[in-house]
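Here's the structure, in structure tokens; my notes come after.
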Amino acid sequence: MRILQNWCNKLYASVLWNGLLGNIFPILCGVRQGGVLSPLLFSVYVDDLRLSGYGAYVGNLFVGTIFYADDICLMSGSCFGLQKLLDICSGYGLKWDILFNPTKSHLFTIGGSNPSASLHLRGKHLNWSSKVKYLGIYLLAVRIELKAAKQKYYACFNNIRSVVRQQVNEIMLLKLVKSYCLPSLQYGCEIWPR
């Protein structure tokens, strides 16, 4: 437990701007960006949201919230239930000092047209969308769009090719592609269709 406390409590940062490094200051809240434990720690921090009782069935599994790092997906079988989840987020945010951003929040319907219901987060109206970006890929009402993920992969691959040109053998090129390009393609692959 001490290791975890030291890991979280002894975090400092500084700002680099126009080649000048600012003063060092302590980070007093949040989890480390990109830290291996950060998604797990955040999930533990917001676990009460999972236990709200509102949600939807995905097959035989009852799901209300899906967490990955600081991305939260609220799921409900009705607009009433979804508004309840949004209200729980607002209250939870006030209690635990978490800011859920309405401008980064989207409403989305799977398998049908968007309803005319007006839903709110922290008193701000949320817009219904025809597609939503989650874990780096776009979810559409009836399918998942992988176009953006493929574009990132090819952009990364072309960057590697332009830098190394003919100076590297095929095995080294494959290792670079595996290390730098594949992660951009595979990010969020757990929700791809089978």
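If R0 is 30 Å, the Cβ-Cβ spacing of Arg32 and Ser78 corresponds to a FRET efficiency of close to 0.20. For region 1-61 versus region 63-134, the spacing of their alpha-carbon centroids is 21 Å. Mean-square fluctuation check for the chain, GNM, Cα pairs under 10 Å: which of Arg122, Arg165, Arg32 is largest? Looking only at Arg122, Arg165, Arg32, the biggest GNM fluctuation is shown by Arg165.
Comparing Ser113, Ser162, Ser129 in a Gaussian network model of the chain (Cα springs below 10 Å), the most mobile by mean-square fluctuation is Ser162. Rolled with a 1.4 Å probe across the full set of protein chains, the surface gives Trp128 an accessible area near 60 Å². For the chain, carbon and sulfur atoms together expose 58% of the accessible surface, with a 1.4 angstrom probe and every protein chain in place.
Determine the shape class of the chain: with a ≥ b ≥ c the square roots of the Cα gyration tensor eigenvalues, call it rounded for a/c under 1.5, and otherwise prolate if a/b is greater than b/c, oblate otherwise. Cα axes put the chain in the oblate bin. When the residues Thr109, Thr103 are ordered by accessible surface, computed with a 1.4 Å probe over the protein chains alone, the sequence from largest down reads Thr103, Thr109. Using C-alpha pairs below 8 Å separated by at least 6 residues, the relative contact order for the chain is 11 percent. Simple point charges give the picture: +1 on the Cβ of Lys and Arg, -1 on the Cβ of Asp and Glu, and for the chain a dipole about the Cα centre of about 520 debye. Here the calculated FRET efficiency for Thr109 and Leu51, from their Cβ-Cβ distance with R0 = 22 Å, stands at 0.30, rounded to the nearest 0.05. At full extension, Ser162 and Leu16 could sit 49.7 nm farther apart than now, given 0.36 nm per residue minus the alpha carbon distance.
From its DSSP helices (H runs of at least four residues, each -39,500 (n - 2.57)), the chain gives a residue-normalised ellipticity at 222 nm of -10000 deg cm²/dmol.
Comparing Val46, Val164, Val132 in a Gaussian network model of the chain (Cα springs below 10 Å), the most mobile by mean-square fluctuation is Val164.
Between amide H atoms placed 1.01 Å from N, distances below 5 Å from Lys133 occur with Leu139, all of them 5 or more places distant or on a separate chain.
The values are calculated or read from the model by the stated rules, or taken from the named source; none is laboratory data. The structure displayed is predicted, hence computed values, not measured ones. As a convention, Cβ positions derive from the backbone with ideal geometry for all residues, glycine included, and neighbour counts pool all protein chains shown. Ligands, DNA and RNA are stripped out before the accessible areas are found, and what is left, the full protein with its side chains, is counted by its heavy atoms. Shrake-Rupley method; radii C 1.70, N 1.55, O 1.52, S 1.80 Å.
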